[in-house]
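A quick write-up on the structure given underneath.
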Amino acid sequence: MPLLEIKDLKKTFTAPDGTTHKVIDIPSFALEAQQQIALRGESGSGKTTFLNLIAGILKPDSGTVFIDGRPMSSLPESERDQLRATTLGYIFQTFNLLQGFTCLENILIGMKFGCGVNRELAVSLLNRVGLSERLHYRPRQLSVGQQQRVAVARALANRPRLVLADEPTGNLDHANARESLALIRETCRENGAALLLVSHAPDVLAQFDDVRDLRELNLVTKEAR
């Protein structure tokens, strides 16, 4: 059984003028445990919507997202939250760090919603991403690259089986982007987590052996070409 399996996933949004726009129509997709896949997705291709549907942040109009054999999209809200907290790690493009809390506190707060607070593990993760001297810094006191490292540590804090990454190097310069991508992939391997990353950057996609085109998966963008 794949770690992630998608069947007949569809999502439509309603515009302010009342018109509807189909964004996602993906008949099937699968990701095995510990597998690393990069999805090529240009702006407007539905890549963030796709990841949010997988994570249970959005509910599909129809279809099913199975994570570790459980139907994320049809679970009650409390069970969906629990599955997301214990099985998924999400690296957002804009990081979504809590600005009023330190690096360490950002990790510890995330742990409260998962497998429980483990300060030693939180410190270890921040050390692993090179922030051993920044534990008590707040996000605004960090560079963009350092903020991303906090986001990587937070995504791995609950030892997820699946990590989702939405344009994780989009806010970084070339050198930092390459270093951060290597860090994400290596830490996923070390923690036994599968990785699904979406990006439009050729230099990012070139680092993966398995690259899929979201347009080939998504019947909506196929029709738009």
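Points to keep in mind about this one:
- Of the residues 124, 132, the single one that is part of a loop (DSSP other than H, G, I, E, B), among the polar types (S, T, N, Q) and surrounded by fewer than 17 Cβ atoms within 10 Å (Cβ to Cβ) is 132.
- Residue within the stretch 126-149 that is touching a residue at least 24 places away in the same chain (Cβ under 8 Å) and polar (S, T, N, Q) present: yes
- Count of residues meeting criterion [closer than 15 Å to residue 6 by Cβ and of a type in the set (Lys, Arg)] in the stretch 40-65: 2
- Only one entry of 57, 67 meets the criterion of being under 25 Å from residue 22 (Cβ atoms), surrounded by fewer than 17 Cβ atoms within 10 Å (Cβ to Cβ) and of a type in the set (A, V, I, L, M, F, W, C), and that entry is 57.
- Among the residues listed as 155, 206, the single one being farther than 25 Å from residue 65 by Cβ and of a type in the set (Gly, Ala, Ser): 206
- Residue in the stretch 159-166 that is touching a Cys at 6+ places or on another chain (Cβ under 8 Å) and basic (Lys, Arg) present: yes
- Cβ separations smaller than 9 Å between residues 6+ apart or across chains give the following pairs from the stretch 198-219 residues that are without any contact (Cβ under 8 Å) to a residue 40 or more places away in the chain and small (Gly, Ala, Ser) to residues that are part of a loop (DSSP other than H, G, I, E, B) and surrounded by 19 or more Cβ atoms within 10 Å (Cβ to Cβ): 201/167; 201/169.
- For the stretch 112-121, filtering for residues that are surrounded by 13 or more Cβ atoms within 10 Å (Cβ to Cβ) and either touching a strand residue (DSSP E or B) at 6+ places or on another chain (Cβ under 9 Å) or modelled with pLDDT under 90 (or both) leaves 3.
- Strands (runs of 3 or more DSSP E) wholly inside the stretch 1-111 containing at least 1 residues that are in contact with a strand residue (DSSP E or B) (Cβ under 8 Å, 6 or more places away or on another chain), of a type outside the set (Phe, Trp, Tyr) and free of Cβ contacts under 8 Å to residues at least 60 places away in the same chain: 4-14, 20-31, 62-67
- Test: residue 182 is among the aliphatic types (A, V, I, L, M) and either modelled with pLDDT under 90 or loosely packed, with under 15 Cβ neighbours inside 10 Å (or both): yes
- Of the residues making up the stretch 205-223, none is more than 30 Å from residue 27 (Cα to Cα), touching a helix residue (DSSP H, G or I) at 6+ places or on another chain (Cβ under 7 Å) and loosely packed, with under 14 Cβ neighbours inside 10 Å.
- In the stretch 164-175 there is no residue matching the filter, namely being over 18 Å from the mean Cα position of the chain (by Cα) and surrounded by 15 or more Cβ atoms within 10 Å (Cβ to Cβ).
- The stretch 140-171, subset aliphatic (A, V, I, L, M) and part of a loop (DSSP other than H, G, I, E, B), residue modelled with the highest pLDDT: 142
- Tabulated pairs, the stretch 164-183, first hydrophobic (A, V, I, L, M, F, W, C), second part of a helix (DSSP H, G or I) and surrounded by fewer than 20 Cβ atoms within 10 Å (Cβ to Cβ), C-beta under 8 angstrom, 6+ apart or interchain: 172/144; 172/145; 177/203
The values are calculated or read from the model by the stated rules, or taken from the named source; none is laboratory data. Small disclaimer: the values here were computed from a predicted structure and weren't measured. A quick note on method: Cβ atoms are made from the backbone with ideal geometry, for glycine too, and the neighbour counts reach across all protein chains shown.
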